[in-house]
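Where a number appears in this text, it was derived from the coordinates with a stated rule and is not lab data. Quick caveat: nothing in here was measured; it's all calculated off a predicted structure. Neighbour counts run over all protein chains shown; Cβ positions are idealised from the backbone, glycine included.
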Amino acid sequence: MLRPLRIGDEADVLAYRGREDVCRYLTNVPLDETTVESFIAARTSATRIVEDGDRILLAVELDGRVIGDVRIRAGKMCDRQGEIGWVFHPEHHGRGYATEAARELVHMAFDDLGMHRVWAQLDPRNFASARVCERLGMRQEAHLREESWLKSEWGDLAIYAILQNEWRGL
Ligand SMILES: CC(C)(COP(=O)(O)OP(=O)(O)OC[C@H]1O[C@@H](n2cnc3c(N)ncnc32)[C@H](O)[C@@H]1OP(=O)(O)O)[C@@H](O)C(=O)NCCC(=O)NCCS
């Protein structure tokens with residue numbers, strides 16, 4: 001089930017977003033007991049996209065526990081572009097949950113929010129994340145070399161995207 005994050009999800013979210021391995025390719029550092037509270041508080045209202053920069057962040061719930069989260073973020077509303085992302089607990093990797101949740105996000109982006117293009121950015125070493133993009137039918141559009149200084153090293157960046165008419169054709 002996809003639903004907004006809410007106060008009370010702290011322990012579940014900390015169980016995956018508090019891990020070094022989960023955060024390896026994220027710009028975020030692992031959450032701790034304190035920061036998980038502000039992380040969730042800042043996102044409980046991320047439920048609609050009506051203005052530039054708005055985002056929707058959804059918890060992925062399985063058997064009453066939050067096992068991951070997915071999000072879509074708008075840039076300028078007039079551009080109708082949505083950036084999507086996903087983070088899951090390693091105990092629930094390899095079962096298609098990220099792909100299934102992300103597919104709903106793309107469906108929502110095109111069919112409910114009227115987006116024109118959906119895109120994702122990721123570290124090219126993050127093969128699992130790249131495979132989620134590919135399973136959604138997204139195409140790799142760029143590989144930027146050493147475009148950021150992240151976690152004490154230069155990081156490459158890959159851009160994946162799919163257009164609304166390509167999604168309809170799938
Ligand atoms: C990125 C991330 C969400 C991908 O998770 P994942 O478990 O590989 O993705 P899915 O849940 O979609 O599972 C897909 C795998 O399950 C398998 N699978 C099993 N049943 C499946 C089904 N019904 N449907 C689709 N895939 C299924 C697929 O074959 C695939 O395995 P493969 O990659 O060996 O081919 C995960 O690695 C993660 O949370 N990483 C840490 C955070 C992160 O880096 N986020 C991305 C930042 S850009």
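Just how large is the dipole of segment 2-169 about the Cα centre, in debye to the nearest 20, putting +1 at every Lys and Arg Cβ and -1 at every Asp and Glu Cβ?
Charge dipole of segment 2-169: 420 debye, to the nearest 20.
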Check which residues have an amide H placed less than 5 Å from ARG19's amide H, if you skip close sequence neighbours. LEU31
Pick out, from PRO90, GLN164, LEU57, the residue whose Cα sits farthest towards the positive end of the charge dipole of the chain, with +1 on the Cβ of Lys and Arg and -1 on the Cβ of Asp and Glu. GLN164
Quick one: what do you get for the chain if you divide its Cα Rg by 2.2 N^0.38 Å? 1.00
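Run the numbers on segment 2-169 and let me know its relative contact order in percent, using alpha-carbon pairs under 8 Å that are six or more apart. Intermediate values should be presented prior to the final figure.
On the way: 297 pairs, mean separation 28.1, N = 168.
The value is 17 percent.
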Loop sites in segment 72-170: GluC sites (Glu not before Pro), DSSP, at most 15 other Cβ within 10 Å: none
Over segment 106-170, what is the relative contact order in whole percent, taking alpha-carbon pairs under 8 Å and six or more residues apart? 37 percent
Least to most buried among VAL13, VAL87 (fewest other Cβ within 10 Å first): VAL87, VAL13
With each pseudo-label sitting 7 Å past Cα toward Cβ, what's the ALA142-ALA41 distance in nm, one decimal? 3.5 nm
Gaussian network model of the chain, Cα within-10 Å springs - most flexible of ARG145, ARG19, ARG117: ARG145
